[in-house]
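See structure below.
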Amino acid sequence: MATLLLLGALFLAFSNGANDNFKGFATVWGSHSLGYRKALALATIATIAGSLASLLLAGDLVQQFSGKGLVPDAVATTPAFIMAVGIGAAVTVIVATRTGFPISTTHALIGGLVGAGMATGGGVDLARLGGSFFAPLLISPVIAAGLGALAYSLMRRRRREADCACIIEAETLGTPAADGSALAFSAALPRLVVASDATCDSLTAPGIRFSIARLLDHVHLLSAASICFARGLNDTPKLAALLVAAQLSGMRLSVGLVALLMAAGGLLLARRVAETMSLRINHMDATQGVSANLITAALVIFASRFGMPVSTTHVSVGSIAGVGTGAGTVDWPALRHVLLSWVLTLPCAAGVAWAIATALHSL
């Protein structure tokens, strides 16, 4: 039973990585800022960093997803319950991954908790389910979409032809003194000039000159890495909670195993979900990508710090759809299919977990 529990938890971590690891860099590949392989490598590194940081910053999520408080404590620590939760969520996530749908592992885990709780006869605390789990999951993508549309509307005001930024060095200006016998000197402050390349070329000896487009590309990559970091920070404790609750390993070893399997899943099976998020939902440019990524990273890190179980998938898709709505580039049929997969995630995971828990209970 211990071996099966361990395999089930690690299978879930592998499935999670396959479905989620690339999502932070979806806008980078979608805007053609990087190729798929380079984007995947950076996404994996950032995810591992977030997983390790969860040891310090996201301990509350381990308690949330151990099942304690949602089902009776006596049920939450039983091997049958833990195994049913893990397998129910893992099967749902891996099926969605192979069909190219970016679903939420968080959503699948909640479905597994509900289905296994019902099958074991312990019941589910519906008030806690609604307040602590459903509310953040439902509200977060709506907030992300609204903020994404707002962020894009602000960023697109930049004139695209004004791509050159120059800092003009300060000049010392001389003026006659009051008595007319000497000069009084005053120093002018440096000036920032944002204009076209031709205008910057005509300036005399600018102190610093850089391209706004290139700077935006660097910010885009950093924002993508921050999302993957935030996802590792938010998801790793949820998956490690299964191993900790089953008393199979300590927190540090659990996080290490989960991080390793998440990285492997992303490297091997991320391509189909990457295509859906990068190339189908919204056709992005760098401005849209930066807008969506900054919103996603900020919301997920905030939620992780305060123990709120939001879905990086929901937040990321919400922000991508928001900036796409502002730009008029959303592929609505593709988005509807993704939303439908979200609706089906919880009942599918709950059904598989219920069947597993019932079978184990009868045995």
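The values are calculated or read from the model by the stated rules, or taken from the named source; none is laboratory data. These numbers come from a predicted model, not from an experiment. Cβ placement follows ideal geometry from the backbone for every residue including glycine, while neighbour counts extend to all protein chains displayed. Surface areas here come from the heavy atoms of the whole protein model, side chains and all, with no ligands, DNA or RNA. Shrake-Rupley method; radii C 1.70, N 1.55, O 1.52, S 1.80 Å.
Some values worked out for this structure:
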item: One residue from Arg209, Arg272 being touching a helix residue (DSSP H, G or I) at 6+ places or on another chain (Cβ under 8 Å), closer than 21 Å to Gly35 by Cβ, basic (Lys, Arg) and touching a residue at least 24 places away in the same chain (Cβ under 8 Å); result: Arg272
item: Looking only at region 238-259, and only at residues there that are more than 19 Å from Asp73 (Cα to Cα) and in contact with a Ser or Thr (Cβ under 6 Å, 6 or more places away or on another chain), the one that is surrounded by the fewest Cβ atoms within 10 Å (Cβ to Cβ); result: Ala259
item: From the options Ser362, Ser341, Ser304, residue that is open to solvent by 40 Å² or more (accessible area, probe 1.4 Å) and farther than 30 Å from Asp163 by Cα; result: Ser362
item: Helices (runs of 4 or more DSSP H) within region 251-363 that include 3 or more residues within 25 Å of Val219 (Cβ to Cβ); result: 271-275, 286-305, 312-327
item: All positions within region 19-36 that are assigned to a helix (DSSP H, G or I), closer than 14 Å to His283 by Cβ and not hydrophobic (A, V, I, L, M, F, W, C); result: Thr27, Gly30
item: Enumeration of residues in region 97-118 that are farther than 13 Å from Pro347 by Cβ, buried (at least 24 other Cβ atoms within 10 Å of the Cβ) and of a type in the set (Gly, Ala, Ser); result: Ser104, Ala116, Gly117
item: Residue match in region 279-301 (condition: open to solvent by 10 Å² or more (accessible area, probe 1.4 Å) and of a type in the set (D, E, K, R)); result: yes
item: Residue among Ala43, Ala39 that alone is within 13 Å of the chain's Cα centre (by Cα) and either outside any helix (DSSP H, G or I) or modelled with pLDDT of 90 or more (or both); result: Ala43
item: Residue match in region 84-91 (condition: at pLDDT 80 or above, touching a Phe, Trp or Tyr at 6+ places or on another chain (Cβ under 6 Å) and open to solvent by less than 30 Å² (accessible area, probe 1.4 Å)); result: yes
